[in-house]
């Protein structure tokens with residue numbers, strides 16, 4: 001299995017806990033290798049400090065995340081949380097992976113701006129809402145530059161389940177599995193040139 005980093009993983013490493021629940025703070029009490037004397041957590045509320053010690057750059061959970069990529073090519077399919085634009089390819093997809101991992105390992109003070117911008121690969125929704133002809137053209141340029149046939153993205157919940165756009169060159173697979181959204185279990189199966197949406201059988 002290949003797990004990728006998305007916006008929430010990077011947010012946690014940047015100590016941006018806007019979407020963390022109360023339980024999400026409690027779960028990290030007692031993580032080994034952390035110290036309340038770390039100056040990076042001094043300004044944080046007490047309940048956020050232990051989670052911060054777990055996810056700050058170079059901390060135990062940040063190092064776990066650093067082993068993941070942010071963008072992955074499997075066969076002729078490009079996988080990414082938000083979406084890849086042509087400018088990301090020009091910057092270097094491998095470079096984005098390396099620089100985000102360097103942040104998580106504590107080797108750099110900040111992630112690359114191109115990755116965390118509103119239209120960065122972990123944030124953009126360009127292909128996931130209602131892509132128009134221009135969006136599909138941009139998608140085609142990004143796929144061509146990566147020598148890929150299709151892109152698979154998450155980040156934006158598809159209320160009707162997994163969906164495709166731009167002549168099935170992009171597949172949007174965020175079905176909203178969390179309790180908040182209540183989506184049904186679905187997976188995307190790619191076998192050669194055949195792409196199928198698989199849904200959980202009705203009880």
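The values are calculated or read from the model by the stated rules, or taken from the named source; none is laboratory data. These numbers come from a predicted model, not from an experiment. Ideal geometry is used to build each Cβ from the backbone, glycine not excepted, and the neighbour counts take in all protein chains shown.
Descriptive notes on the structure:
- All of 36, 15 fail the test of being surrounded by fewer than 20 Cβ atoms within 10 Å (Cβ to Cβ) and either touching a residue at least 40 places away in the same chain (Cβ under 8 Å) or in contact with a strand residue (DSSP E or B) (Cβ under 8 Å, 6 or more places away or on another chain) (or both), apart from 15.
- Which numbered condition residue 47 fails, given (1) crowded, with 17+ Cβ neighbours inside 10 Å; (2) in contact with a helix residue (DSSP H, G or I) (Cβ under 7 Å, 6 or more places away or on another chain); (3) assigned to a helix (DSSP H, G or I): (1)
- Scanning the stretch 13-35 turns up one or more residues that are assigned to a helix (DSSP H, G or I) and modelled with pLDDT of 90 or more.
- Residue 92 being surrounded by fewer than 20 Cβ atoms within 10 Å (Cβ to Cβ) and in contact (Cβ under 8 Å) with a residue 24 or more places away in the chain: no
- Taking the listed residues 152, 175, 195, the one that is without any contact (Cβ under 8 Å) to a residue 24 or more places away in the chain and not in a helix (DSSP H, G or I) is 175, with no other qualifying.
- One residue from 190, 122, 100 being touching a residue at least 24 places away in the same chain (Cβ under 8 Å) and part of a helix (DSSP H, G or I): 100
The rows are residues; the columns are (1) closer than 21 Å to residue 158 by Cβ; (2) crowded, with 22+ Cβ neighbours inside 10 Å.
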{"residue": "103", "(1), (2)": "no, yes"}
{"residue": "108", "(1), (2)": "no, no"}
{"residue": "114", "(1), (2)": "no, no"}
{"residue": "119", "(1), (2)": "yes, no"}
{"residue": "122", "(1), (2)": "yes, yes"}
{"residue": "132", "(1), (2)": "yes, no"}
{"residue": "137", "(1), (2)": "no, no"}
{"residue": "141", "(1), (2)": "no, no"}
{"residue": "146", "(1), (2)": "no, no"}
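- Given (1) within 15 Å of the chain's Cα centre (by Cα); (2) in the same structural domain as residue 174 (by TED's automatic domain parsing), index of the condition residue 136 fails: (1)
- The listed residue being part of a loop (DSSP other than H, G, I, E, B) and touching a strand residue (DSSP E or B) at 6+ places or on another chain (Cβ under 9 Å), out of 94, 106, 82: 82
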